[in-house]
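Chemist: Sharing a structure with you now.
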Amino acid sequence: MTVTHTLTITTTPDGLETDWTHPTDCPDGDTCDFLRRISRMGIHDMVDLGTNRPDGTYNLARFGFHSLCLIGDDGHILHPAEPAPTPQAGDPNGCHWCGINQRTHARQYTEQPGWHTWTQPTNAQIKARMLARRSAT
Ligand SMILES: [Zn+2]
Ligand SMILES: [Zn+2]
């Protein structure tokens, strides 16, 4: 039986907090590879793992020789989370990619999709932005 090693990510007003405890039922005890890797990685690497991820508890897996990564329920590696493509608040009809209003948009550069002109936001985006705007005030 394999014991799962998990990392809990919590967003606080001061930033990201990562919490990890070594499972007491881990058969490897003090010689556990996860334990060794985590003590090497340090807090900044742990925070990197959680950057842009929703709060929650994630399964840890070994990555490379010394590093760790997070894996999903299906056992696949969760790649570093991408920032949301659009700001959630702001103009509901803003560009799909960057959220800028059509009138002032012209050409803009964002990580995805790079240089682009104003792009129609999806209905779901418009709705989410309207809700975000309402809850922001
Ligand atoms: Zn262990
Ligand atoms: Zn745009």
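The values are calculated or read from the model by the stated rules, or taken from the named source; none is laboratory data. As the structure is a prediction and not an experimental result, all values here were calculated from the model. Note that we place each Cβ from the backbone using ideal geometry, even for glycine, and neighbour counts take in every protein chain shown. The accessibility values were calculated without ligands, DNA or RNA, using every heavy atom of the protein model including side chains. Shrake-Rupley method; radii C 1.70, N 1.55, O 1.52, S 1.80 Å.
Chemist: Could you please let me know if Pro92 is in a loop (DSSP other than H, G, I, E, B) and either open to solvent by less than 30 Å² (accessible area, probe 1.4 Å) or in contact with a strand residue (DSSP E or B) (Cβ under 6 Å, 6 or more places away or on another chain) (or both)?
Modeler: Working: in a loop (DSSP other than H, G, I, E, B): yes; either open to solvent by less than 30 Å² (accessible area, probe 1.4 Å) or in contact with a strand residue (DSSP E or B) (Cβ under 6 Å, 6 or more places away or on another chain) (or both): yes.
In short, yes.
Chemist: If you don't mind, there's one more thing I want to ask. Given the conditions (1) assigned by TED's automatic domain parsing to the domain that holds Thr110; (2) at pLDDT 85 or above; (3) small (Gly, Ala, Ser), which single one is not true for Gly56?
Modeler: Condition (1) is where Gly56 drops out.
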